[in-house]
1. Hey, among VAL30, VAL6, VAL2, VAL80, which residue is at pLDDT 95 or above, within 17 Å of ALA126 (Cα to Cα) and of a type outside the set (Lys, Arg)?
2. Does region 56-74 include one or more residues that are farther than 13 Å from VAL85 by Cα, touching a Leu at 6+ places or on another chain (Cβ under 7 Å) and not in a helix (DSSP H, G or I)?
3. When only residues in region 5-17 that are surrounded by fewer than 18 Cβ atoms within 10 Å (Cβ to Cβ) and in contact (Cβ under 8 Å) with a residue 12 or more places away in the chain count, which is farthest from ALA87 (Cα to Cα)?
4. Could you list, in sequence order, the residues of region 35-55 that are of a type outside the set (A, V, I, L, M), closer than 15 Å to ASP11 by Cα, under 13 Å from the mean Cα position of the chain (by Cα) and not in a strand (DSSP E or B)?
5. Can you tell me which residues in region 1-53 are among the small types (Gly, Ala, Ser) and either in contact with a helix residue (DSSP H, G or I) (Cβ under 8 Å, 6 or more places away or on another chain) or closer than 14 Å to VAL68 by Cα (or both)?
6. Just one of (1) at pLDDT 90 or above; (2) in contact with a helix residue (DSSP H, G or I) (Cβ under 6 Å, 6 or more places away or on another chain) trips up LEU57, so point out which.
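The values are calculated or read from the model by the stated rules, or taken from the named source; none is laboratory data. Since the structure is predicted, the reported quantities are computational estimates derived from the model, not experimental observations. When we count neighbours, we look across all protein chains shown, and the Cβ atoms used for this are built from the backbone with ideal geometry, even at glycine.
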Amino acid sequence: MVSKTVLVVDDEPDILRILSYYLSNAGYRVLQSHGVEDAVKKLERLNYRIDLVLTDLGMPGLSGVHLVEHLKQNPETCNVPVIAVTAFTWEGLGRSAADYGADAFINKPVSRQGLLKTVHDVLERAAAEKQQQP
């Protein structure tokens, strides 16, 4: 089985390292970006060939919300699933993340089991949707 490639975007090195560790130990190919601009450059270098983007929402400069919007508005990446991750909590945040185009939402601190289940579920849903397309 070919492993799926996940781009992890976070401005906090420790969070980036933990998320990447969880995903790589589960068999995913992980690429890291330290912010939105770096993520966009990596996506361009990869010709937008990525299976999933996992992005923090609250980053200085361009936020993860900008990245989600950029991905969902770009014809090259509009079908790439995006999981939003944040430490901010308020009622309706998950719905708000979905309003920006995120396919799923995870609160920090992230549990390994919760992360892997969400990633698996989102990738399965994306594969099923892709099979249904003409």
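1. After ruling out the rest, the residue left standing is VAL6.
2. no
3. Of everything passing the filter in region 5-17, THR5 is farthest from ALA87 (Cα to Cα).
4. The answer is GLY35, and nothing else.
5. Scanning region 1-53 gives ALA26, SER33, GLY35, ALA39.
6. Condition (1) is where LEU57 drops out.
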